[in-house]
Amino acid sequence: LLLAAEDAHDTAHSDKDLPQLEKDLTDRILLETRMEHADVLGILGRLCLLQGDYEAGEDFLQRGLKAFESNTHTSHPAVGVITQGLAELYYQRRIYDKAEALARRTVQVRHLCYGWNHPQFAYALVTLASVLAAVGNEYDAETLMKRQAKILAMYPDSEALAEPDPKRSVGEELEGATAWQGPGGTHGGGKG
């Protein structure tokens, strides 16, 4: 499918008589097809990891990540899935420097995609906390686990993770409490 989209794109752009609107359409179709291809690579990588085929899993995940990065989608939610998979893979293999770097990237991507108080962000914190604990940084690992627990406490029904419980809110201790959140908390802005 990707090859067909690339071929159609090239053919459209080489045709001088084709209206620009149609050429633009092939641009959008090609980009969407590339994104879907990258998504499939990430899914295949995670599947290989679940089946214990770490070599193939790493290959698919790396290819998926490169595909997203080549299309300038470094903060796409699927990038978080891929970097999470790679972080978990390197953690299991005890390659902690790579695991930490990818876990930190996952935290960053999930923050950009979902915000500070979303379950997907909280799950990324668990991976980073696990890596930090493995390298002996128990204080930061424990801090991240406490933050993760507070975030998930806003979502009492684990099956319905889309909306926080309106009766619960994140207290002052979560917003802007750590240096890596930046001044004023979320996105470095002031408190609203």
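The values are calculated or read from the model by the stated rules, or taken from the named source; none is laboratory data. Please read all numbers here as calculations on a predicted model, not as lab measurements. Here the Cβ is made from the backbone with ideal geometry for all residues, glycine too, and neighbour counts use every protein chain on show. We work out accessible area using only protein heavy atoms, side chains counted, and drop any ligands, DNA or RNA first. Shrake-Rupley method; radii C 1.70, N 1.55, O 1.52, S 1.80 Å.
State the number of residues belonging to segment 12-24 that are at pLDDT below 70 and open to solvent by 60 Å² or more (accessible area, probe 1.4 Å). Break it down stepwise before answering.
First, pick out the residues of segment 12-24 that are at pLDDT below 70: 12-13, 23.
Applying the additional criterion that residues be open to solvent by 60 Å² or more (accessible area, probe 1.4 Å) yields 13.
The qualifying residues number 1.
Among the residues of segment 157-174, is any surrounded by fewer than 18 Cβ atoms within 10 Å (Cβ to Cβ), at pLDDT below 95 and closer than 20 Å to Ala78 by Cβ?
Checking segment 157-174: at least one residue is surrounded by fewer than 18 Cβ atoms within 10 Å (Cβ to Cβ), at pLDDT below 95 and closer than 20 Å to Ala78 by Cβ.
Going by what's in this entry, would Leu102 be described as at pLDDT 95 or above and touching a helix residue (DSSP H, G or I) at 6+ places or on another chain (Cβ under 7 Å)? Steps first, please.
Values: at pLDDT 95 or above: yes; touching a helix residue (DSSP H, G or I) at 6+ places or on another chain (Cβ under 7 Å): yes.
Here the answer is yes, as Leu102 does meet what is asked.
Has segment 51-58 got at least one residue that is under 17 Å from the mean Cα position of the chain (by Cα), open to solvent by 10 Å² or more (accessible area, probe 1.4 Å), more than 18 Å from Met35 (Cα to Cα) and not hydroxyl-bearing (Ser, Thr, Tyr)? Working first, answer last.
Residues of segment 51-58 under 17 Å from the mean Cα position of the chain (by Cα): 57-58.
Those still in the list that are open to solvent by 10 Å² or more (accessible area, probe 1.4 Å) too: 58.
Now narrow it down to the ones that are more than 18 Å from Met35 (Cα to Cα): 58.
So of that shortlist, the ones also not hydroxyl-bearing (Ser, Thr, Tyr) come out as 58.
The answer is yes, given that some residue of segment 51-58 is under 17 Å from the mean Cα position of the chain (by Cα), open to solvent by 10 Å² or more (accessible area, probe 1.4 Å), more than 18 Å from Met35 (Cα to Cα) and not hydroxyl-bearing (Ser, Thr, Tyr).
Rundown of residues vs (1) assigned to a helix (DSSP H, G or I); (2) closer than 27 Å to Arg28 by Cα, yes/no style:
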| residue | (1), (2) |
| --- | --- |
| Phe60 | yes, yes |
| Leu65 | yes, yes |
| His73 | no, yes |
| Asp97 | yes, no |
| Glu100 | yes, no |
| Arg110 | yes, yes |
| Ser130 | yes, no |
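Starting from segment 100-117, keep only residues that are at positive phi, then list their pairs with residues that are among the hydrophobic types (A, V, I, L, M, F, W, C) whose Cβ atoms are within a distance under 7 Å, requiring at least 6 positions of separation or different chains.
Pairs that qualify, where the first residue is at positive phi and the partner is among the hydrophobic types (A, V, I, L, M, F, W, C), are Gly115/Phe121.
In this structure, does Glu69 turn out to be part of a helix (DSSP H, G or I), farther than 18 Å from Met35 by Cβ, among the acidic types (Asp, Glu) and open to solvent by 20 Å² or more (accessible area, probe 1.4 Å)?
Details: part of a helix (DSSP H, G or I): yes; farther than 18 Å from Met35 by Cβ: no; among the acidic types (Asp, Glu): yes; open to solvent by 20 Å² or more (accessible area, probe 1.4 Å): yes.
Judged against the criteria, Glu69 is not a match.
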